[in-house]
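Take a look at the structure set out below.
The values are calculated or read from the model by the stated rules, or taken from the named source; none is laboratory data. Note that this is a predicted model, so its numbers are computed, not measured. Glycine gets a Cβ as well: all are built from the backbone with ideal geometry, and neighbour counts include every protein chain shown.
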Amino acid sequence: MVEPSPGSRASQVDLTSEERYRAYRLAHQEERLATRRRILRWVIRVGIGAFSLALLLPALALRALTREVKEVTAGDVLVYATGDRSGLPVDLAALNPGMAVQAFPEGKSDNEQNLIELVRLAADVPAGLVAYSAICTHLGCTVLPTLSQQGYIVCPCHASMFNPAADAEVVSGPANRPLPALPIEVAPDGVVLAAGGFEGPVGPA
């Protein structure tokens, strides 16, 4: 039996070590390539997202600018703004003297500037029924839906008070002008309608 020479054994060991090293180098390169591919895919996705966002934002801004703002106009039916009757037409018969409710023109509640304070001052109509903007002329807060014990419209933010029996003039508080009035009319079936737009700027001016 012929024994392999020591030199032959050494060359075999060296060859095995070199193969292992090459295999290690190859596996390491493949791992680096895979990592680079993952990073490249992530960069591409981020770029696509940023590009899509860049296209979307101007479109949204343009849509907001061109969206029609619906304001209260003559003929609009007034509907309850809150409560169990929200969205239903305001019925004059449900309003007793000394009562107030808040309403929106039907189909235009997305514009908060359309919120209306409807006050029944007396039994006779139309003189006993008045309507004003429900947006305070001080800083634009919404006034309370009910009247004070003195019969005033009250803003809860800074305690401005308005007298609905005197064209919503300022009784007290920091507001410097009355709430703008809204002309109204009552249909034969008792439904309250707007007879025009607000007779002045809504909110702070």
Would you mind finding the one in Leu193, Leu139 that is within 13 Å of Leu118 (Cα to Cα) and either surrounded by fewer than 19 Cβ atoms within 10 Å (Cβ to Cβ) or not aromatic (Phe, Trp, Tyr) (or both)? Leu193
Residue under question is Asn111, and the condition is that it be surrounded by fewer than 20 Cβ atoms within 10 Å (Cβ to Cβ) and closer than 15 Å to Phe198 by Cβ; does it hold? yes
Could you grab the pairs with beta carbons closer than 8 Å, sequence gap of 6+ or different chains, first residue in segment 174-188 and free of Cβ contacts under 8 Å to residues at least 60 places away in the same chain and within 11 Å of Tyr132 (Cβ to Cβ), second one among the aromatic types (Phe, Trp, Tyr) and surrounded by 15 or more Cβ atoms within 10 Å (Cβ to Cβ)? Pro178/Tyr132; Pro178/Phe162; Pro180/Tyr132; Pro180/Phe198; Ala181/Tyr132; Ala181/Phe198
Right, Pro188: exposed (fewer than 15 other Cβ atoms within 10 Å of the Cβ), part of a loop (DSSP other than H, G, I, E, B) and modelled with pLDDT of 95 or more or not? no
Residue list for segment 102-124, filter: in contact with a helix residue (DSSP H, G or I) (Cβ under 7 Å, 6 or more places away or on another chain) and within 19 Å of Leu92 (Cβ to Cβ): Phe104, Pro105, Val119, Leu121
Kindly indicate which of Gly98, Gly87, Gly128, Gly151 is surrounded by fewer than 17 Cβ atoms within 10 Å (Cβ to Cβ) and within 21 Å of the chain's Cα centre (by Cα). Gly87
